[in-house]
Amino acid sequence: MKRITKAPLKIQNMRLLKFGRDFKPDEEVILRDYLAIERTRLANERTLLSYIRSSLYLLLGGVGLFQLKDFADFKYLAFVALGFSAIFFIIGVYRFTLLKKSLKRLYYISEKKEKEEN
């Protein structure tokens, strides 16, 4: 009879919509890690701008659909586009602030460790 062992990758308390990453550095931040944090900040800003751009496109599309007087059925689609525009903007700002706080905490924890060692 074969003995069943536990899987090597054990997933506990998995949350479906967990946006935050709980990463705590073990050591001080070296130059390579500092540059990686800077790249991540720039990528975070780029992603925020991408969310804003998509939100503005949906806003323009919704306003454009409201301008079509001959097609009254498109008003529902215009409301949907305006709703998604607001949702995209809110999600983008939320994710930006969450990652920004996480990066700030990561950087300050490493700085505090470095000062304690000196």
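No lab work stands behind these numbers, since they all come straight from the coordinates. Keep in mind that what you see is a predicted model, and the values were worked out from it rather than measured. Every residue, glycine among them, receives a Cβ derived from its backbone with ideal geometry; neighbour counts consider all protein chains shown.
Taking R0 as 35 Å, what FRET efficiency do you get between residue 46 and residue 73 from their Cβ-Cβ distance, rounded to the nearest 0.05?
The value I calculate is 0.40.
Send over the Kirkwood Rh of the stretch 33-109, from the inverse of the averaged 1/r over different Cα pairs, rounded to one decimal Å. Don't jump to the answer; show the numbers that get you there.
Details: mean 1/r = 0.0708 Å⁻¹.
Result for the stretch 33-109 stands at 14.1 Å.
First select every other residue whose beta carbon is under 15 angstrom from the beta carbon of residue 81; then total the charges, Lys and Arg +1, Asp and Glu -1.
For residues surrounding residue 81, the net value is +1.
Around residue 92, under 14 Å between beta carbons, what's the net of Lys plus Arg minus Asp minus Glu among the other residues? Don't skip to the answer; put the middle values down first.
Working: positive: 46, 53, 95, 100; negative: 45.
Taking every other residue near residue 92 into account, the sum is +3.
Apply 1/(1 + (r/R0)^6) to the Cβ-Cβ distance of residue 32 and residue 93, taking R0 = 35 Å, and write down the FRET efficiency to the nearest 0.05. Before the final figure, lay out the partial values.
Details: r = 30 Å, r/R0 = 0.86.
The formula returns an efficiency of 0.70 here.
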